[in-house]
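Read the structure below first, then the notes.
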Amino acid sequence: DAVVMSWWDYGYQIAGMADRPTLVDNNTWNNTHIATVGKAFASSEEVAYPLLKKHDVSYVLVLLGSLIQYSGDDLNKFLWMIRIASGVWPDEVKETDFFTPRGEFKVDEQATKTMSESLMYKMSYYRFGELFPPGQAQDRVRHQKLPAVGPTLDYFDEAFTSENWIVRIYEVRKDDELGRDHKLANAFNAGKKRKKGRVARRRFALE
């Protein structure tokens, strides 16, 4: 059975509607379990991936209200996730790392490196810019213009996005067949594609 990681709010719904176990749910009393989910969402892909693999997580679900102005989404709950995780791992998850020098919680060009590289940020905004003209992506809940270049994913694959982009589900990639780190494998494959493209263009020019 595929294990789903989401914030605890949706645990019962996932179990009841999809008949899938979740890492935490509405009845989770162990604060460390909830903090683990918070840590995963607050961490980079590189840190979150082994954590999810350790807990046999197959899918990750996030809610995004940025398109239709649904303010009850996970980005608006993200600070609570960070705070709970920080209470268990204060040296690894620091709330201040998610705020700008002016003390603002930003998702636009001013977003901190920790924020923009977090799993929550990446899974929320992955491909979101495709819904807008180039460089015009807007988060309609937080009223901020998003960076022209959106986030990429190396350790997860998009499995489902609902019509209004509220429900977003990602599959945790299986280990690379050659034992490589996924990020390095993706960079290698991208390099091969670019090389093939250059060779093809040279051949076309010679013809």
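The values are calculated or read from the model by the stated rules, or taken from the named source; none is laboratory data. Owing to the predicted nature of the structure, the values given are computational and were not obtained by experimental measurement. Methodologically, a virtual Cβ is constructed for each residue, glycine included, from the backbone with ideal geometry; neighbour enumeration extends over all protein chains shown. Remember, those area values only see protein heavy atoms, side chains included, never the ligands or the DNA or RNA. Shrake-Rupley method; radii C 1.70, N 1.55, O 1.52, S 1.80 Å.
Looking at the range 90-101, can you tell me whether even one residue there is farther than 24 Å from ASP181 by Cα, in contact with a helix residue (DSSP H, G or I) (Cβ under 8 Å, 6 or more places away or on another chain) and β-branched (Val, Ile, Thr)? For the range 90-101, residues farther than 24 Å from ASP181 by Cα, in contact with a helix residue (DSSP H, G or I) (Cβ under 8 Å, 6 or more places away or on another chain) and β-branched (Val, Ile, Thr): absent. Here is the figure for the range 1-53: residues that are at pLDDT 95 or above, farther than 19 Å from ARG83 by Cβ and among the basic types (Lys, Arg) total 1. Output the residues belonging to the range 121-164 that are touching a helix residue (DSSP H, G or I) at 6+ places or on another chain (Cβ under 7 Å) and among the acidic types (Asp, Glu). Listed by number, the list holds a single entry, ASP154. When the residues of the range 134-158 are filtered to those that are part of a strand (DSSP E or B) and either touching a His at 6+ places or on another chain (Cβ under 8 Å) or within 12 Å of VAL62 (Cβ to Cβ) (or both), the one that is most open to solvent (accessible area, probe 1.4 Å) is GLU158.
Condition check ((1) modelled with pLDDT under 70; (2) open to solvent by 100 Å² or more (accessible area, probe 1.4 Å); (3) polar (S, T, N, Q); (4) assigned to a loop (DSSP other than H, G, I, E, B)) across all residues:
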| residue | (1), (2), (3), (4) |
| --- | --- |
| GLU171 | no, no, no, no |
| LEU178 | yes, yes, no, yes |
| GLY197 | yes, no, no, no |
| ALA200 | yes, no, no, no |
| PHE204 | yes, yes, no, no |
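When the range 63-72 is limited to residues that are within 12 Å of ASP139 (Cα to Cα) and out of contact with any helix residue (DSSP H, G or I) (no Cβ under 8 Å at 6 or more places or on another chain), the one that is surrounded by the most Cβ atoms within 10 Å (Cβ to Cβ) turns out to be GLY65.
What are the residues in the range 9-34 that are touching a strand residue (DSSP E or B) at 6+ places or on another chain (Cβ under 8 Å), in a helix (DSSP H, G or I) and not hydroxyl-bearing (Ser, Thr, Tyr), if any? GLY11, ILE14, ALA15, ALA18, listed by residue number. Restricting VAL47, VAL60, VAL37 to residues that are closer than 16 Å to LYS122 by Cα, open to solvent by less than 20 Å² (accessible area, probe 1.4 Å) and part of a helix (DSSP H, G or I) narrows the list to VAL37.
Please determine whether any residue of the range 104-126 is more than 30 Å from ALA190 (Cβ to Cβ) and in a loop (DSSP other than H, G, I, E, B).
For the range 104-126, residues more than 30 Å from ALA190 (Cβ to Cβ) and in a loop (DSSP other than H, G, I, E, B): present.
Candidates THR114, THR96: the one that is among the polar types (S, T, N, Q), within 24 Å of ALA35 (Cβ to Cβ) and surrounded by 14 or more Cβ atoms within 10 Å (Cβ to Cβ) is THR114.
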